[in-house]
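Throughout, read-outs are computed from the coordinates displayed, never taken from laboratory work. Quantities reported herein were computed from a predicted structural model and do not represent experimental measurements. Every residue, glycine as well, gets a Cβ built from its backbone with ideal geometry; the counts of neighbours run over all protein chains shown.
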Amino acid sequence: MGGLTSTSLAMDLAGLKLRSPTLNASGVLGMSAPLLKRVYDSGVGAVVTKSLGPTLRTGHTNPTVVEVEGGLLNAMGLPNPGVEGYMGELRELKREGVPVVASFFASTIEEFQVGAQVLCGEGADALELNLSCPNVGEELGMCAADAISVERITSAVKRVAKAPVIVKLSPNVTDIVSIAVAAERGGADAITAVNTLKAIAIDVDFRRPVLANVIGGLSGPAIKSVALRCVWEIAETVKVPIIGCGGVSNWRDAVEYMLAGASAVEIGTAVMYHGFEVYNAVNEGVAKYLKENRFGSVKEVVGLAHRK
Ligand SMILES: Cc1cc2nc3c(=O)[nH]c(=O)nc-3n(C[C@H](O)[C@H](O)[C@H](O)COP(=O)(O)O)c2cc1C
């Protein structure tokens, strides 16, 4: 991690040991072991896999991603090799000593439990439940908006998981705090806020939506203020640690999230604009901010902007 003052950045986030407060956001990059090893070598505290489902999914047809003002709009449809199909890559990452947060989704409680058991069995250091993807239709993604389902899924996974369980929330709900409270009641060890915002782009020449799936998820700087507000509101009510996600591009964004109540941040779309160097750049900027303002650790900054 270069010349970082890594001691001030290292933390234990609900049992997940992180050498730095940055992680890659699920799915934005590929998910092969060599690629995620490169991400780790770029300074992240742990790598997050693309979301894995119970079986192989090919995802939506093209076009699946388009650049829009302030970010990206995507409707990938969660293409992935399935939990079992990914085990070789997970084993390779663990052989290389890379801490792995395994992101996964399912359509039934039982599938969630099986996924959790298999991923923990192969050494995942934490699980991130993707309850929030807006692109997968009725049977999979809709649970993110329903507090009862979120609590049921979280507690079912907690009963079988041997690693910390992080619940990733959608901003596409009326009251994200009630969903975060449901995750906490279900036993979530941490919360990631947030996934992409539902959005659309239209091609004026073809007079049709750009994405084959019509509606997609917006990411990047365009969503930062919304995601930051979600973290702020959740932090006002919920006790478990929060991982901020949405539009983080530089250390100032990361510190804003920490002041709003996040213990760490996930960075996705910014990698498309700034390359893998973004992780170390954010880490170094945060370390410098801590030093210049005489803070001994990230923990001392978390939630400070809430002081009355
Ligand atoms: C191309 C693409 C694919 C994504 N795939 C996933 C995924 O598989 N699972 C998931 O939980 N989030 C997925 N996301 C959402 C990101 O993890 C993240 O929540 C979102 O992009 C906001 O962060 P950002 O603004 O830093 O990109 C994806 C985002 C993009 C742009």
Here the percent of antiparallel bridges among DSSP beta bridges lying wholly in segment 6-301, to the nearest 5, is 40 percent
Given springs between every Cα pair under 10 Å in a Gaussian network model of the chain, which of 207, 294, 252 has the largest fluctuation? 207
Cα-centred dipole magnitude for segment 24-154, charges only on beta-carbon of K, R (+1) and D, E (-1), debye, nearest 20: 360 debye
Kirkwood-based Rg/Rh on the Cα set of segment 124-283 evaluates to 0.99
Which whole-number percentage describes the relative contact order of the chain, with Cα contacts under 8 Å and a sequence gap of 6 or more? 19 percent
Kirkwood hydrodynamic radius of segment 41-128, Cα pairs, Å: 14.1 Å
Where labels lie 7 Å past Cα in the beta-carbon direction, separation of residue 107 and residue 236 in nm: 3.8 nm
Please express the Cα-Cα pair-distance distribution P(r) of segment 208-308 as a list of whole percents, one per 5 Å bin, running from 0 to the bin with the greatest distance. 2, 13, 22, 21, 17, 12, 6, 3, 2, 1, 0
Normalise the Cα radius of gyration of segment 19-172 by 2.2 N^0.38 Å (N = residues in it) and let me know the number. 1.00
When all alpha-carbon pairs of segment 158-197 are counted, what percent fall beyond 13 Å? 50 percent
If eta is 1.306 mPa s and T is 10 °C, what Stokes-Einstein diffusion coefficient results for the chain, Kirkwood Rh from Cα pairs, in µm²/s? 83 µm²/s
From the residues 297, 45, 81, which one has its Cα farthest along the dipole of the chain in the positive direction, the dipole being from +1 and -1 charges on Cβ of Lys/Arg and Asp/Glu about the Cα centre? 297
Most fluctuating of 96, 128, 111 in the GNM of the chain (C-alpha, under 10 Å) is 96
